[in-house]
Amino acid sequence: MRRALVVVAACAGADVTPPASPATLAPDPAGASSLVSEAMPEEADGGGGAEPVDEAVSFAGDPEATDAPEVWLKGSTHVHAKASGDSIEPNASVIAWYEQHHYDFIVLTDHNQVSELDPESDTRGRITLRDPHAGLIVFSGIELTHNPVGCVPVGDPSGNCRIHVNLLGPTARPGGRLEWAERRSHARIDMYRAALNAQTALGGIAQINHPQWLWGMTPELLAELAQRGMRLVEIANSAFSKWNAGDANHPSTEALWDAALVRGATLWGTASDDAHDYDGHGKYPAGGGWVVVHARREPRAILAALAAGQFYASNGVVLERATVDGGELVVAIDPAQAGRHTIDFIQDGRRVESIAGKVGRHAVPATGYLRAVVTRDDGKRAWVQPVRR
């Protein structure tokens with residue numbers, strides 16, 4: 001059976017202006033990409049990239065694979081700090097917030113910059129920004145941020161559009177602001193292809209951020225991006241609830257996800273807070289959405305789980321189980337969770353069963369896919385990744 005192994009201005013500012021001599025990524029017409037590229041070619045790194053690294057080599061500070069058990073690990077794949085330019089929070093305070101709220105990992109995704117925690121540090125070749133044994137695992141990351149005008153397909157009547165892609169766990173460190181965007185074409189696919197080129201150079205797993213912000217995403221485009229190697233898409237960004245939901249003329253992010261999945265896409269849905277503000281102040285607060293992976297508490301195991309769909313997404317609901325057992329997708333809510341819950345099973349974009357209670361199961365179809373959404377009576381949800389035979 002082919003399946004996800006499920007065991008159970010937020011980005012709103014204008015393009016970040018590159019410095020006078022930015023690190024630049026040369027266009028690659030082929031647009032090739034890999035899920036977790038380990039190294040950045042020396043000729044493309046602007047002097048700050050990583051040396052080529054054998055994946056079998058253990059990086060200093062990144063634990064080697066062990067026989068540690070797989071556990072549930074809560075994390076955020078979209079986090080901003082002061083280096084983003086639209087947050088005032090220093091890295092130390094951001095890390096402290098997530099530690100105090102019992103997260104296991106975060107990805108620091110500043111706009112157009114792979115940020116170091118310490119200006120004197122050098123974490124090239126590593127997927128983390130500090131020793132993972134220190135507490136909260138802090139992955140390297142970047143939000144590739146491009147805010148052009150006049151994209152095709154057309155989106156918002158204003159003509160403004162947003163091409164934002166996170167890279168989770170890049171190993172290269174180009175230094176300073178990165179110039180990566182496609183500025184010669186108005187085609188969205190070309191702009192996203194430039195992000196895939198950056199992924200090839202920098203490494204990391206690509207996540208499509210808030211795909212319906214200012215509209216313009218289509219099922220065909222989303223399926224094409226998945227085919228080209230983008231594995232994650234934000235289906236619930238808490239900073240963009242208006243755009244997540246869609247409207248009379250535009251599908252919701254979840255409907256777009258289904259439309260791509262029906263086309264055969266391998267694409268996992270994430271939830272995020274897209275945090276820029278902390279400690280209860282500001283327009284884009286932390287804590288509104290997260291992922292829960294089932295993996296060893298090791299950086300590479302966590303990234304591998306994200307790439308393989310071994311996680312669920314949530315904005316409040318906690319699951320005890322989400323797995324395939326005996327040809328059925330089985331979903332169970334944590335018994336400690338208060339409130340009434342409904343488990344909806346979605347097959348090829350249609351709800352095929354709705355179960356009131358804390359445990360539900362449904363047969364995985366012979367063709368197509370099956371996923372589940374759990375909704376609590378206060379509106380909070382958890383999204384279980386699609387499975388296929």
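The values are calculated or read from the model by the stated rules, or taken from the named source; none is laboratory data. The structure presented is a predicted model; accordingly, all values stated were derived computationally and were not measured. In this analysis, Cβ positions are derived from the backbone assuming ideal geometry, glycine residues included, and neighbour counts consider all displayed protein chains. SASA here: full protein model, heavy atoms, side chains in, ligands and nucleic acids out. Shrake-Rupley method; radii C 1.70, N 1.55, O 1.52, S 1.80 Å.
Computed over every Cα-Cα pair of the stretch 79-134 and binned at 10 Å starting from 0, the pair-distance distribution P(r) comes out as 22, 58, 20 percent.
The H on the amide N of residue 319, modeled in the peptide plane, is under 5 Å from the matching H of 334, each at least 5 residues off or on a different chain. Distance from the alpha carbon centroid of the stretch 212-226 to that of the stretch 268-340 works out to 23 angstrom. Annotation: amide H-H contacts under 5 Å for residue 89 (H modelled 1.01 Å from N, sequence separation of 5 or more, or interchain): 82.
Amide H to amide H distances under 5 Å link residue 246 with 253, where only residues 5 or more positions off or on other chains count and H is placed in the peptide plane. With the cut-off at under 15 Å, measuring from each backbone N in the stretch 261-298 to a point 7 Å along the Cα-to-Cβ line of residue 242 picks out 283-284.
Here the Karplus relation 6.51 cos²θ - 1.76 cosθ + 1.60, evaluated at θ = phi - 60°, turns the backbone of the stretch 112-124 into coupling constants of 6, 7, 8, 8, 8, 6, 10, x, 8, 7, 9, 9, 4 Hz, with x for every Gly and Pro. Taking 0.36 nm per residue of separation and subtracting the Cα-Cα distance, full extension of the segment from residue 183 to residue 252 would add 22.0 nm. At 1.4 Å probe size, with every protein chain present, just tell me what the per residue accessible area of the stretch 88-143 comes to in Å². Heavy-atom accessible area per residue stands at 38 Å².
Probe radius 1.4 Å, ligands and nucleic acids ignored: give me the carbon and sulfur share of the accessible area of the stretch 140-211 as a rounded percent.
Values: 1020 of 1820 Å².
Within the stretch 140-211, the accessible surface is 56 percent carbon and sulfur.
Between their Cα atoms, which of 74/380; 242/358; 82/242; 82/380; 283/358 are more than 23 Å away from each other? Where the Cα-Cα span goes over 23 Å, the pairs concerned are 242/358; 82/242; 82/380; 283/358.
On the basis of the beta-carbon distance and an R0 of 56 Å, residue 93 and residue 363 show a calculated FRET efficiency of 0.70.
Assuming 0.36 nm per residue, please report the length gained on full extension of the stretch residue 338 to residue 152 beyond their Cα-Cα distance. Walk me through the numbers on the way to the answer.
Details: separation 186, 0.36 × 186 = 66.96 nm, distance 4.57 nm.
My answer for the length gained is 62.4 nm.
Can you run the Rg to Rh ratio on the stretch 163-244? Use alpha carbon positions and the Kirkwood inverse-distance Rh. Provide the component values of the computation, followed by the final result.
Working: Rg = 12.9 Å, Rh = 13.4 Å.
On the Cα set of the stretch 163-244, Rg over Rh gives 0.96.
Volume per residue, Å³, of the convex hull around the alpha-carbon atoms of the stretch 73-211? Display every interim value, and only then the final one.
On the way: hull volume 15.8 nm³, N = 139.
So the per-residue hull volume is 114 Å³.
Per residue, the solvent-accessible area of the stretch 273-379 (1.4 Å probe, heavy atoms of protein chains only, all protein chains present) comes to 38 Å².
Phi-derived couplings, Karplus 6.51 cos²θ - 1.76 cosθ + 1.60 at θ = phi - 60°, listed residue by residue for the stretch 194-205: 4, 5, 5, 4, 5, 4, 4, 6, 8, x, x, 9 Hz, with x used for Gly and Pro.
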